[in-house]
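Below: one structure, written as structure tokens.
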Amino acid sequence: MQKRKLGNSGLEVSAIGFGCMGMSWSYGPPKDKPEMIQLLHAAVERGVTFFDTAEVYGPLVNEELVGEGLAPFRGEVIIATKFGWEANPNDGGKWNALNSRPEHIKEVAEASLRRLRVDALDLFYQHRVDLNVPIEDVAGAVKDLIQEGKVKHFGLSEAAAKTIRRAHAVQPVTALQSEYSLFFRQPEQEIIPTLEELGIGFVPFSPLGKGFLTGKINAETKFDSTDFRNIIPRFTEENRKTNLALVDLLTKFGEQKKATPAQIALAWLLAKKPWIVPIPGTTKLDRLDENLGAINVELTPEDIEAIESASSGIKLEGARYPEFHQSLVNR
Ligand SMILES: NC(=O)c1ccc[n+]([C@@H]2O[C@H](COP(=O)([O-])OP(=O)(O)OC[C@H]3O[C@@H](n4cnc5c(N)ncnc54)[C@H](OP(=O)(O)O)[C@@H]3O)[C@@H](O)[C@H]2O)c1
């Protein structure tokens, strides 16, 4: 497996990482734990060294699963996790409140260390920018944790360019994790040039457009009642019908390259910058193999140009998040 460095930090990880969220939440009920542990082991055997989780996934149980599954490989793999959400007592204990107060960040770090069964958190992202806490205070709290040896690298997720700059001035940011794929190219406007200038790595989440870009979802697909995609505007039946034009394009392009649409979607991200490391998520071994196969799909600058000029003619419909979640990004 090829490796990549996240910006100037020196943090080296497999060119494709593994998003573990779907094993415990977002896309239907939690999956069978022993099976997911086997899948984590299979990923390590295939050379994946970069795993993504968060306190809020589950909540808490995804970190426990990842901690247990990767315990045999301690020191050989990089585990990224995130702080910043908490249970909301005014909303039945749902984890939909933000809290990035420095003392809370430090408590979460201790708990994540225990659940992940590690001595230091390799990469600790703020999950969403908390407007009640100046970003300098957040960066300062993580800086303290780094000085204490409890955290190795600092990251942000869905932060605006100006916030990234302010945080980076206090504690260098190793990686930004935000949504980026052919389904959502907004980071190209301001975020990617800022990351390039500051030497920060980019970890695109939902690199397969939450499964849409794989060609396995169509307008008739019914999601489990607990699946988050039921409330995402771009996944309404009507919008899926329109947005499938992008999947058709990837499928046709894939036929020329002997690759699947998922592989073209990932290969496109890999070709954009050498410091981009996508983290597709799956709960199935054959799909893990398919996704990792994207490493071998070479896209030339002409291929990239062809994909982008064809896709720019497609008008995608529907926001990538429901209103509440949309209000928490890019700030
Ligand atoms: N920072 C943030 O705010 C944030 C937000 C969202 C996600 N993330 C992270 O990013 C990771 C990846 O994002 P994501 O899970 O939202 O989206 P994704 O990787 O774009 O897509 C995952 C979905 O695609 C399906 N899938 C994966 N590979 C496939 C293939 N080859 N063929 C067909 N279907 C396939 C998966 O289903 P199966 O399991 O059935 O294969 C799952 O439903 C997450 O696991 C999480 O760690 C972070």
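The values are calculated or read from the model by the stated rules, or taken from the named source; none is laboratory data. All of these numbers come straight from a predicted model, not from anything done at the bench. As a convention, Cβ positions derive from the backbone with ideal geometry for all residues, glycine included, and neighbour counts pool all protein chains shown. Each accessible area value is taken on the protein alone, full model and side chains, heavy atoms only, with ligands, DNA and RNA left out. Shrake-Rupley method; radii C 1.70, N 1.55, O 1.52, S 1.80 Å.
Using the Cβ atoms and a cut-off under 14 Å, what net charge is assigned to the surroundings of ALA111, where Lys and Arg are +1 and Asp and Glu are -1?
On the way: positive: LYS82, LYS106, ARG114, ARG115, ARG117, LYS150; negative: GLU55, GLU63, GLU64, GLU86, GLU103, GLU107, GLU110.
Residues near ALA111 contribute -1 overall.
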- For GLU12 the rounded accessible area (nearest 10 Å², probe 1.4 Å, non-protein molecules ignored) is 90
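Which FRET efficiency value, to the nearest 0.05, is calculated for LYS152 and ALA42 with the Förster distance at 30 angstrom and r the Cβ-Cβ distance?
0.70
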- At a 1.4 Å probe radius, carbon and sulfur cover how many percent of the accessible area of region 1-104? 49
- Note on the structure: Any residue on another chain or 5+ positions along whose placed amide H is under 5 Å from the amide H of ASN88 is listed here as GLY93, LYS94, TRP95, ASN96, ALA97
- Points 7 angstrom from Cα along the Cβ direction at GLN326 and THR300: gap in nanometres? 4.0
- Task: Any chance you could check the Cα centroid distance between region 217-272 and region 62-126 for me, in angstrom?
- Result: 30
- Determine the shape class of region 1-111: with a ≥ b ≥ c the square roots of the Cα gyration tensor eigenvalues, call it rounded for a/c under 1.5, and otherwise prolate if a/b is greater than b/c, oblate otherwise. oblate
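Sorted by mean Cβ packing within 10 Å, highest first, what order do the peptides 111-122, 228-239 take?
Details: 111-122: 17.9, 228-239: 16.2.
Listed from highest to lowest mean packing, they are 111-122, 228-239.
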- Note on the structure: Distance in nm between LYS3 and LYS162 label points, each 7 Å along Cα→Cβ, equals 3.9
- Item | P(r) tail fraction, region 92-215 - alpha-carbon pairs more than 20 Å apart, % | 47
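Starting from the exponent 0.38 and prefactor 2.2 Å, build the expected Rg for region 3-326 from its residue count and divide its actual Cα Rg by it.
On the way: Rg = 18.8 Å, N = 324, 2.2 N^0.38 = 19.8 Å.
In units of the globular-protein estimate, region 3-326 measures up at 0.95.
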- Note on the structure: Counting only DSSP beta bridges fully inside the chain, the antiparallel percentage to nearest 5 is 20
- Label GLU220 and LYS33 with points 7 Å out from Cα along Cα→Cβ: what is the distance between them in nm? 3.8
- Around GLU317, with a cut-off of 12 angstrom between Cβ atoms, what is the net charge of the other residues, counting Lys and Arg +1 and Asp and Glu -1? +3
- accessible surface per residue for region 3-326, probe 1.4 Å, DNA/RNA/ligands not counted, whole Å² -> 42
